[in-house]
Amino acid sequence: MAQNQIQEQSQQQKMSQMVLRQQLLQASLVELPLMQLVDRVNTEMNDNPALELDSPYDYAEGPDSSDVMDSPDSADTSDDFEAMSEREERQSALDDALSNIGRDDDELPVYQGGKDLSDEREEMVYGQTTSFYDQLKEQMGMLDMTPRQRDIMEYLIGSLDDDGLLRKRLDAISDELAIYCNIDAPESEIREVQLMLQGFDPAGIGAGSLQECLLLQIARREPSPLKDLMTCVINDYFEEFTRKHWDKIRSSLSLSEAQAEQLFQELRRLNPRPGASLGETVGRSLQQITPDFIVDTHDDGTVTFTLNNFDVPELRVSQSFVDSLKEFQQNRDNMSRQSKEALLYIKNKVDSAQSFIEALKVRRQTLIITMRTIIQLQHQFFVDGDEASLRPMILKDVAEKTGLDLSTVSRVSNSKYAQTRWGTFPLRHFFSDSYVTQSGEELSTRRIKAVLREIVDAEDARHPLSDDDIKSALAERGFPIARRTVAKYREKLGIPIARLRKK
């Protein structure tokens, strides 16, 4: 029986998310820590001749952002000659660029940087200058990967925790890739790239859990009976391993004392924080830290802060490019093909420069309002430096108070540091979950942990407190929590059970 094909036309409403190029640029800049921001700005200036320093005669001295810049009229003769020389160099760069129209260099780069606020402040830089992120990217360059895989790999590297583990769920990463990078990647594809990342050095990088991290390290060992035993312990006796129940493991595996001692000694050599050890591969054990915020606590209890500009200069669009663009546009009716190509080139460079400058302004404003809100919510901590003063605060609290998106607050908090009177802390340090008692009272988990540690530090080493004893001591101090919660917080603090603390 013959079938007729009928073509019908219908209307339907459909909602879809679109992320603009400018939004992606702003999101990438907000996420960058200060030192990577410096690299990104320098890269952008090298790639885009339409960008130039806003105050070249002052920038060479690295002024504090709070200082008032000298006006060009007040600059001395040598400054005038330097400014003229730079303008001539910019014009020369423009002429060279116009003579090489057609090369593909219009894409926005992805790194930037900054400058210290005050000569009086000591720059807090420790260890090697190659960042954790850059070292992993160097290894990525040695792999034969598609551009799509490289984009996913870069996002995975940026999502690693400080210890080198990837604790984000793959379905969450899949959603973020779709929203921020316009990459529709299923979990299976992300997992494939994660396995590539787990082949990087040091062993254990990119693992989704501590157990997987240790198994990755064991897997790189030469085949041996000892390797098989180590794999068996981490696979089948992981809970006993984390609780240091060595006797139970030895008994279950029917090991002699010598065999057990050798096994446990090798297990202790495994690194639970491969990300921290990555800095040691170049001979330094300390990583580089440059604070993004300088927080000052005054004697009257007032707390102020300044955004650390480090090597981030003020940028502007080159006037020679702007003038050339106006000149071309005025004569566009009688333009040759080459002149039209020149006009398009100049317009692309000017638009890219304006977009980048605007994204830097958005980043600065985002960081300022986020830090201002954190100080408002955690004011008491900045006054007395007591961790017990940290009140319950999550990303959602800051997002609601600032009006920013939750993901934006997360990007700001993940990689930024604040220098305070009491030390330099990652912004994540100021966030704390809450514990709600049966009576409905909300308590800070960080404060509970601080008091728990005080109780353990003050105990009699010959008669250490059990979890029930700690529970009673916490209740006496106004923290009525369950015994299982005591055990959970004790483990998170790395405090062993009572019998292992006994001396």
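The values are calculated or read from the model by the stated rules, or taken from the named source; none is laboratory data. Computed from a predicted model, the values in this text were never measured in an experiment. A quick note on method: Cβ atoms are made from the backbone with ideal geometry, for glycine too, and the neighbour counts reach across all protein chains shown. Only protein heavy atoms, including side chains, enter the accessible area calculation; ligands, DNA and RNA are left aside. Shrake-Rupley method; radii C 1.70, N 1.55, O 1.52, S 1.80 Å.
Descriptive notes on the structure:
- Criterion violated by ASP299 - all others in (1) out of contact with any Ser or Thr (no Cβ under 6 Å at 6 or more places or on another chain); (2) assigned to a helix (DSSP H, G or I); (3) open to solvent by 70 Å² or more (accessible area, probe 1.4 Å) satisfied: (2)
- Members of the stretch 375-386 that are in contact with a strand residue (DSSP E or B) (Cβ under 8 Å, 6 or more places away or on another chain) and open to solvent by less than 50 Å² (accessible area, probe 1.4 Å): ILE375, LEU377, GLN378, PHE382, VAL383, GLY385
- Only residues that are open to solvent by less than 50 Å² (accessible area, probe 1.4 Å) and charged (D, E, K, R) were counted across the stretch 227-258, and they come to 2.
- Among (1) basic (Lys, Arg); (2) under 24 Å from ARG453 (Cβ atoms); (3) in a helix (DSSP H, G or I), the one test that ARG391 misses: (3)
- Filter result (within 20 Å of LEU32 (Cβ to Cβ), outside any loop (DSSP other than H, G, I, E, B), open to solvent by less than 50 Å² (accessible area, probe 1.4 Å) and of a type outside the set (A, V, I, L, M, F, W, C)) within the stretch 141-179: TYR155, GLY158, GLU176
- Any hit, the stretch 428-442, residues being over 27 Å from ASP163 (Cβ atoms), touching a helix residue (DSSP H, G or I) at 6+ places or on another chain (Cβ under 9 Å), modelled with pLDDT of 85 or more and open to solvent by 30 Å² or more (accessible area, probe 1.4 Å): no
- Check on LEU263, open to solvent by less than 70 Å² (accessible area, probe 1.4 Å), part of a helix (DSSP H, G or I) and in contact (Cβ under 8 Å) with a residue 40 or more places away in the chain: no
- Annotation note: of LEU255, LEU270, the sole residue that is in contact with a Cys (Cβ under 9 Å, 6 or more places away or on another chain), in a loop (DSSP other than H, G, I, E, B) and at pLDDT 85 or above is LEU270.
- Qualifying residue in the stretch 192-207 (condition: in a loop (DSSP other than H, G, I, E, B) and open to solvent by 60 Å² or more (accessible area, probe 1.4 Å)): yes
- Considering residues of the stretch 26-64 that are among the aliphatic types (A, V, I, L, M) and within 24 Å of LEU325 (Cα to Cα) only, the residue modelled with the lowest pLDDT: LEU53
- Residues being crowded, with 20+ Cβ neighbours inside 10 Å and out of contact with any strand residue (DSSP E or B) (no Cβ under 9 Å at 6 or more places or on another chain) - total across the stretch 346-358: 1
- Subset of the stretch 397-422 [more than 18 Å from the chain's Cα centre (by Cα) and open to solvent by 70 Å² or more (accessible area, probe 1.4 Å)]: GLU400, LYS401, ARG421, TRP422
- Pairs are defined by a Cβ separation below 6 Å, a sequence spacing of at least 6 or placement on different chains, a first member in the stretch 412-428 that is under 16 Å from THR306 (Cα atoms), and a second member that is acidic (Asp, Glu) and open to solvent by less than 20 Å² (accessible area, probe 1.4 Å); the pairs so defined are LYS416/ASP292; TYR417/ASP292.
- As a summary of the residue check, LEU367 satisfies the conditions (1) open to solvent by less than 10 Å² (accessible area, probe 1.4 Å); (2) aliphatic (A, V, I, L, M); (3) over 19 Å from the mean Cα position of the chain (by Cα); (4) at pLDDT 90 or above except for the one numbered (3).
- Selection status of GLU459, closer than 30 Å to ARG477 by Cβ and outside any helix (DSSP H, G or I): yes
- Pair list, Cβ under 6 Å, 6 or more apart: the stretch 384-406 residue under 14 Å from THR445 (Cβ atoms), other residue aliphatic (A, V, I, L, M) and outside any loop (DSSP other than H, G, I, E, B): GLU387/ALA450; ALA388/ALA450; MET393/LEU377
- For SER355, the requirement of being out of contact with any His (no Cβ under 9 Å at 6 or more places or on another chain), of a type in the set (Ser, Thr, Tyr) and in contact (Cβ under 8 Å) with a residue 24 or more places away in the chain is met.
- Of the criteria (1) modelled with pLDDT under 85; (2) part of a helix (DSSP H, G or I); (3) crowded, with 18+ Cβ neighbours inside 10 Å, which one PRO313 fails: (2)
- Per-region count, the stretch 214-237, residues touching a residue at least 24 places away in the same chain (Cβ under 8 Å) and more than 25 Å from GLY275 (Cα to Cα): 2
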